[in-house]
């Protein structure tokens, strides 16, 4: 009598176990390769943003304002009643990010957002920007969170169906500190100023600390301690600026909750986040960087010596 050869149950279980071990060993490598690709794409996004800023500078002799006529608490010192518009600097970059058709649909005679802290008036909405998602302004490593975002109460956070941004305009202070958020950039010529303000921004001649030693935009996570915290594409809201000097990089606001506070910089990349500098270069900034070095990188005319970072 002939006998058929076959796997025993034990042999089959051993083979399955070996395959499971191999998968367990390979999976981290696959995940690392995918994250490396996402990280490279994020860096490329910021490189395109840097090029867009320089192309805008070539045309208008300055970088884009971070926002124009926002509904901030100090709006009355910037413009008259009814003047709120809430335009963001992202909108001014659109023609230089291969988004000229979208830019041409925006009516800059009307507001793009309703945020209006001091009740100055003029805020509104334009549906052309609602729900729009631009991959060049979103880090591919960032988990999606509350996108698009809507905040209905009438205050400094009011916005409708707007996409969160992974890359924020850097500031040396929060709006509470009376920085360029309350003035045009040219009126805020203190030595610690950053490159961006409301209704104005620096040009390359103003960056006397050196364009390779000055941050323009930096990564910031979608998820923070409150879903109302931006920045957003469509319109300015109160937490539009990113303030890494005061709120760090990947710094949790209330450990062990990993979420940073409103103005915090950071990313889903391990160890830090990307930033684009004034010369268009993109650098990875460690979350353990010295605060003094961050201040030196944020300021355009502080006269600080920037070491390795």
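Of all residues in the range 85-115, count the ones that are touching a helix residue (DSSP H, G or I) at 6+ places or on another chain (Cβ under 8 Å) and at pLDDT below 95.
The total comes to 0.
For the range 124-140, give me the residue count where each residue is part of a loop (DSSP other than H, G, I, E, B) and surrounded by 20 or more Cβ atoms within 10 Å (Cβ to Cβ). Please lay out each step first, then the result.
Restricting attention to the range 124-140, the residues satisfying the condition of being part of a loop (DSSP other than H, G, I, E, B) are 124-126, 130-134, 138-140.
Those left that are additionally surrounded by 20 or more Cβ atoms within 10 Å (Cβ to Cβ): 125, 138-139.
Residues flagged as part of a loop (DSSP other than H, G, I, E, B) and surrounded by 20 or more Cβ atoms within 10 Å (Cβ to Cβ) within the range 124-140 amount to 3.
So residue 72 ticks every box in (1) at pLDDT 95 or above; (2) closer than 17 Å to residue 234 by Cβ; (3) in contact with a helix residue (DSSP H, G or I) (Cβ under 7 Å, 6 or more places away or on another chain) but one. Which box is left unticked?
With (1) at pLDDT 95 or above; (2) closer than 17 Å to residue 234 by Cβ; (3) in contact with a helix residue (DSSP H, G or I) (Cβ under 7 Å, 6 or more places away or on another chain) applied to residue 72, the lone miss is (1).
Residues in the range 136-167 that are free of Cβ contacts under 8 Å to residues at least 24 places away in the same chain and under 25 Å from residue 43 (Cα atoms): how many?
Within the range 136-167, residues that are free of Cβ contacts under 8 Å to residues at least 24 places away in the same chain and under 25 Å from residue 43 (Cα atoms) number 1.
Specify which of the listed residues (232, 284) is surrounded by fewer than 17 Cβ atoms within 10 Å (Cβ to Cβ), at pLDDT 95 or above and over 15 Å from residue 170 (Cβ atoms).
Working: 232 fails: surrounded by fewer than 17 Cβ atoms within 10 Å (Cβ to Cβ).
None of the other options fit; the residue is 284.
Determine whether residue 87 is under 23 Å from residue 216 (Cβ atoms) and surrounded by fewer than 17 Cβ atoms within 10 Å (Cβ to Cβ). Steps first, please.
Details: under 23 Å from residue 216 (Cβ atoms): yes; surrounded by fewer than 17 Cβ atoms within 10 Å (Cβ to Cβ): no.
No.
Could you please find all residues in the range 256-285 being part of a loop (DSSP other than H, G, I, E, B) and within 19 Å of residue 308 (Cβ to Cβ)? Explain how you work it out, then say what you get.
The initial filter retains those residues of the range 256-285 that are part of a loop (DSSP other than H, G, I, E, B), namely 256, 258-264, 266-271, 278-281.
Hits for the range 256-285 are 271, 278, 279, 281.
Mind counting the residues in the range 141-156 that are in a loop (DSSP other than H, G, I, E, B) and buried (at least 18 other Cβ atoms within 10 Å of the Cβ)?
Kept after step one, since they are in a loop (DSSP other than H, G, I, E, B), are these residues of the range 141-156: 141-148, 152-156.
Then drop every residue that is not buried (at least 18 other Cβ atoms within 10 Å of the Cβ), which leaves 141-142, 148, 156.
So the answer is 4.
What about residue 110, is it in a loop (DSSP other than H, G, I, E, B), without any contact (Cβ under 8 Å) to a residue 40 or more places away in the chain and surrounded by fewer than 18 Cβ atoms within 10 Å (Cβ to Cβ)? Working first, answer last.
Values: in a loop (DSSP other than H, G, I, E, B): yes; without any contact (Cβ under 8 Å) to a residue 40 or more places away in the chain: yes; surrounded by fewer than 18 Cβ atoms within 10 Å (Cβ to Cβ): yes.
Spelling it out, residue 110 is indeed in a loop (DSSP other than H, G, I, E, B), without any contact (Cβ under 8 Å) to a residue 40 or more places away in the chain and surrounded by fewer than 18 Cβ atoms within 10 Å (Cβ to Cβ).
Return the residues of the range 84-107 that are in contact with a strand residue (DSSP E or B) (Cβ under 7 Å, 6 or more places away or on another chain) and assigned to a helix (DSSP H, G or I); say none if nothing qualifies.
Selection gives 89 alone.
Among the residues of the range 203-234, write down those that are within 10 Å of the chain's Cα centre (by Cα) and farther than 15 Å from residue 163 by Cβ.
If the condition is that a residue be within 10 Å of the chain's Cα centre (by Cα) and farther than 15 Å from residue 163 by Cβ, then 217, 218, 219 are the ones that fit.
Any residue at all in the range 38-56 that's over 29 Å from residue 207 (Cα atoms) and assigned to a loop (DSSP other than H, G, I, E, B)? Walk me through it before giving the result.
Here is the first cut: in the range 38-56, the residues over 29 Å from residue 207 (Cα atoms) are 38.
With the extra rule that they be assigned to a loop (DSSP other than H, G, I, E, B), the set shrinks to none.
No, there is no match, as no residue in the range 38-56 is over 29 Å from residue 207 (Cα atoms) and assigned to a loop (DSSP other than H, G, I, E, B).
Given the conditions (1) within 17 Å of residue 307 (Cβ to Cβ); (2) in contact with a helix residue (DSSP H, G or I) (Cβ under 7 Å, 6 or more places away or on another chain); (3) part of a loop (DSSP other than H, G, I, E, B), which single one is not true for residue 288?
Exception for residue 288: condition (2).
Kindly establish whether residue 300 is at pLDDT below 95, in contact with a helix residue (DSSP H, G or I) (Cβ under 9 Å, 6 or more places away or on another chain), more than 22 Å from residue 38 (Cα to Cα) and not in a loop (DSSP other than H, G, I, E, B). Let's see the steps before the verdict.
Details: at pLDDT below 95: yes; in contact with a helix residue (DSSP H, G or I) (Cβ under 9 Å, 6 or more places away or on another chain): yes; more than 22 Å from residue 38 (Cα to Cα): yes; not in a loop (DSSP other than H, G, I, E, B): no.
Judged against the criteria, residue 300 is not a match.
Restricting to the range 157-192, count the residues that are assigned to a loop (DSSP other than H, G, I, E, B), touching a helix residue (DSSP H, G or I) at 6+ places or on another chain (Cβ under 6 Å) and either within 18 Å of residue 244 (Cα to Cα) or modelled with pLDDT of 95 or more (or both). Steps first, please.
Narrowing the range 157-192 to residues assigned to a loop (DSSP other than H, G, I, E, B): 157-158, 163, 165-166, 171-174, 178-179, 183-184, 188-192.
Still in the running and touching a helix residue (DSSP H, G or I) at 6+ places or on another chain (Cβ under 6 Å): 165, 172, 188.
Of the ones still in play, those that are also either within 18 Å of residue 244 (Cα to Cα) or modelled with pLDDT of 95 or more (or both) are 165, 172.
Going through the range 157-192 one residue at a time, the tally reaches 2.
The values are calculated or read from the model by the stated rules, or taken from the named source; none is laboratory data. Fair warning: this is a prediction, and the values are worked out from it, not measured in the lab. Note that we place each Cβ from the backbone using ideal geometry, even for glycine, and neighbour counts take in every protein chain shown.
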